[in-house]
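One structure is given here, and the rest of the page talks about it.
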Ligand code: UGY
Ligand code: MN
């Protein structure tokens, strides 16, 4: 018998692990016929917002980006996304980057469609423009060996230039693959596990992690991961980049 007083979720000052067993839904104005789970938010000390949205038939997300840019990744199902009049049908693995100052509409095509959202307040860099809207497909982006290790592959979903102050990457680890060293860095992360399982070390604590779990890592949260099991472990993650460390 399962004991309802137990969970794998933890929320600490430097990191959080959010497993689906603790979800409580939020209502977001303009987002209708859907369940919204706010996985990471500034209320826990983060500087990004990460949501998981599950859309029912007729589900819609409408709104406009003001100070925060928005990145949408389709985990499963299908939807149509229109940004300032430009629309595309998106299925699993496709994504859209919506810069500040745009109106958007996402319409569910398949009941049960799941969408991951990252929101970050945009920090404009003097002398540089604001990025354009980007529609993309992770399947068309190559996975390059990470620091020379072919067991670890990194797909970089957004362009590598200074107009962007955030990165979104997909990291794939073959079983037994692991980060080559304990990372200790100023950049913050928000993650969602898309496939597989493994063990994450966060500030010298060890957590079993699997598909569906989310992790927040504050700046300087020490981090290391190894993949376990029979299939590759895959996670998509956010990172703030390219700005002065003020
Ligand atoms: O980009 C990164 O910092 C990445 N290697 N971190 C991580 O996967 N925890
Ligand atoms: Mn890192």
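Laboratory data are not the source of any read-out in this text; all were calculated from the coordinates shown. All figures in this text were calculated on a predicted structure; none of them were measured in a lab. We place every Cβ from the backbone using ideal geometry, glycine too, and count neighbours over all the protein chains shown.
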>> I need the P(r) histogram for the stretch 142-240: all alpha carbon pairs, bin width 5 Å from 0 out to the longest distance, whole percents.
In response: 3, 14, 23, 28, 22, 8, 2, 0
>> Could you work out the relative contact order of the stretch 137-178? I mean the mean sequence separation of Cα pairs under 8 Å and 6+ apart, divided by the number of residues, in percent.
In response: 34 percent
>> Just want to confirm a number: the relative contact order over the stretch 142-240, from Cα pairs under 8 angstrom separated by 6+ residues, in percent.
In response: 34 percent
> For residue 142 and residue 244 in the same chain, what is the full-extension length gain: residue separation times 0.36 nm, less their Cα-Cα distance, in nm?
Replying inline: 33.8 nm
> Taking the chain as a Gaussian network, where each spring joins two C-alpha atoms under 10 Å apart, which residue of 122, 23, 73 fluctuates the most?
Replying inline: 23
>> Please compute the alpha carbon radius of gyration of the chain, then divide it by the globular-protein estimate 2.2 N^0.38 Å. Two decimals is fine.
In response: 0.99
> With no solvent and one point per C-alpha, what does the Debye sum give as log10 I(q)/I(0) for the stretch 116-176 at q = 0.12, 0.23 Å⁻¹?
Replying inline: -0.39, -1.03
>> So, R0 is 30 Å and r is the distance between the beta-carbons of residue 126 and residue 82; what FRET efficiency does that work out to, to 0.05?
In response: 0.45
> For the chain, modelled as a GNM with alpha-carbon contacts under 10 angstrom, which of 224, 31, 206 fluctuates the most?
Replying inline: 206
> Which whole-number percent of Cα pairs in the stretch 142-187 have a distance greater than 18 Å?
Replying inline: 39 percent
> Mind checking which of 187, 217, 166 has the largest fluctuation in a GNM of the chain, springs on alpha carbons under 10 Å?
Replying inline: 187
> Between the stretch 156-198 and the stretch 57-109, what's the alpha-carbon centroid distance in Å?
Replying inline: 22 Å
> When all C-alpha to C-alpha distances in the stretch 24-138 are sorted into bins of 5 Å, what percent of pairs does each bin hold, rounded to whole numbers?
Replying inline: 2, 12, 22, 26, 21, 11, 5, 1, 0
> What is the extension gain from residue 231 to residue 43, computed as 0.36 nm multiplied by their sequence separation minus the C-alpha to C-alpha distance, in nm to one decimal?
Replying inline: 64.2 nm
> Extension gain residue 14-residue 181, at 0.36 nm per residue separation less the Cα-Cα distance, in nm?
Replying inline: 58.2 nm
> Just for the Cα atoms in the stretch 83-195, what are the lengths along the principal axes, largest first, rounded to whole Å?
Replying inline: 45, 42, 21
